[in-house]
1. Using the structure shown, decide if Gly182 is closer than 18 Å to Leu101 by Cα and small (Gly, Ala, Ser).
2. Tally up the residues in region 78-108 that are crowded, with 18+ Cβ neighbours inside 10 Å, within 16 Å of the ligand (Cβ to nearest atom) and free of Cβ contacts under 8 Å to residues at least 40 places away in the same chain, please.
3. Is one or more of the residues making up region 105-112 hydrophobic (A, V, I, L, M, F, W, C) and at pLDDT below 95?
4. Being in the same structural domain as Ala141 (by TED's automatic domain parsing), among the β-branched types (Val, Ile, Thr) and either touching a Lys or Arg at 6+ places or on another chain (Cβ under 9 Å) or modelled with pLDDT under 95 (or both), is that true of even one residue in region 181-193?
5. Out of (1) more than 15 Å from the ligand (Cβ to nearest atom); (2) assigned by TED's automatic domain parsing to the domain that holds Pro118; (3) among the acidic types (Asp, Glu), what's the single condition that is false for Glu260?
6. Quick check on region 178-198: of everything there that is farther than 29 Å from Gly95 by Cβ and of a type in the set (S, T, N, Q), which residue is farthest from the ligand (Cβ to nearest atom)?
7. Would you check if Leu175 is within 16 Å of the ligand (Cβ to nearest atom) and closer than 24 Å to Glu260 by Cα?
8. Scan (1) farther than 22 Å from Lys252 by Cα; (2) touching a residue at least 12 places away in the same chain (Cβ under 8 Å); (3) more than 13 Å from the ligand (Cβ to nearest atom) for the single condition Val164 breaks and write down its number.
Amino acid sequence: MTDQPAPAPDTPKSHGRLAVRPTLRPRELMTNTPDLAGAWTAKIITLFPEAFPGVLGESLTGKALQEGKWRLEKIHLREFGIGKHRNVDDTPAGGGAGMVLRPDVMGNAIDFAMDGTPPNRDDWPLVYLSPRGKRFDQATARRWSNAQGVTMICGRFEGLDDRVLYHYGIEEVSLGDFVLTGGEIAAQAMIDATVRLLPDVLGNAQSIEEESHSHGLLEHPQFTKPAEWRGLPIPEVLMSGHHGKIAEWRQKMAEKITRERRPDMLKPSSDDQR
Ligand code: SAH
């Protein structure tokens with residue numbers, strides 16, 4: 001303890017040159033998770049880096065992040081912006097509502113993000129979150145989890161200048177048939193689905209093998225204690241201890257639920273040939 005009173009939390013502190021000359025890459029954005037060589041990495045280009053890790057910082061994905069089993073690198077699009085105000089957007093060519101993210105600004109952010117990543121996109125996909133994209137699914141999560149990492153571009157406003165997409169051959173991926181305000185929530189959902197497939201991230205690997213979408217079926221119903229709740233008993237077979245019968249019941253229920261809710265999943269589709 002010293003005799004000096006502690007500064008009020010909002011009192012600006014002098015950091016010499018740092019206080020007057022903002023660095024292009026603030027240190028805290030670069031070193032926010034343990035940097036273990038070789039860990040699967042999500043690089044996120046966003047105007048809202050503070051939105052990450054968000055919910056990914058909780059529970060099993062959060063623990064795995066802290067343990068360095070995967071890494072998060074936030075790339076703040078604003079730092080690549082133009083002029084005193086670091087502008088990142090401009091009005092749409094041809095007129096219309098809203099603003100469009102500039103290709104020169106995004107291009108510089110992408111070059112920065114992709115620097116040092118493997119040249120083959122199978123090893124490091126470059127993705128734009130977009131309602132026009134191919135719908136994200138378990139197969140995509142599995143494919144990304146087999147790569148060394150993913151770079152994700154979160155759009156805002158009316159989206160991104162289209163030239164960026166074809167110049168870089170960017171994969172457009174959608175979270176579903178609805179429009180979000182920005183790509184950040186979609187990015188977090190997709191990273192969650194991908195990271196939980198990495199070795200050692202979920203404690204119980206078997207739960208991955210049995211769950212919905214991993215065998216082309218939705219999961220069977222789950223129950224836990226108490227054995228009877230509000231007059232509703234747990235199905236008898238699950239209390240029988242007979243593993244063969246339990247497995248058979250679960251398979252039947254998975255098929256029934258899939259048939260009722262998602263008959264489209266039972267039809268052979270061109271996706272199955274991949
Ligand atoms: N004008 C665009 C929508 C822009 S929404 C259009 O009609 O296609 C703003 C941003 O939110 C997009 O750039 C995208 O990054 C993100 N976004 C919106 N809906 C999304 C979805 N369903 N999946 C993934 N990203 C989405």
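The values are calculated or read from the model by the stated rules, or taken from the named source; none is laboratory data. Quick caveat, the model's predicted, so the values are computed rather than measured. No Cβ is skipped: glycine too gets one built from the backbone with ideal geometry, and neighbour counts run over all protein chains shown.
1. Values: closer than 18 Å to Leu101 by Cα: yes; small (Gly, Ala, Ser): yes.
For Gly182, the condition - closer than 18 Å to Leu101 by Cα and small (Gly, Ala, Ser) - is met.
2. Count: 1.
3. Filtering region 105-112 down to residues hydrophobic (A, V, I, L, M, F, W, C) leaves 105-106, 109-110, 112.
Okay, now just the ones that are also at pLDDT below 95, so none.
No, because not a single residue in region 105-112 is hydrophobic (A, V, I, L, M, F, W, C) and at pLDDT below 95.
4. Yes: region 181-193 contains one or more residues that are in the same structural domain as Ala141 (by TED's automatic domain parsing), among the β-branched types (Val, Ile, Thr) and either touching a Lys or Arg at 6+ places or on another chain (Cβ under 9 Å) or modelled with pLDDT under 95 (or both).
5. Single failed check for Glu260: (2).
6. That would be Thr194.
7. On the way: within 16 Å of the ligand (Cβ to nearest atom): yes; closer than 24 Å to Glu260 by Cα: yes.
Judged against the criteria, Leu175 is a match.
8. (3)
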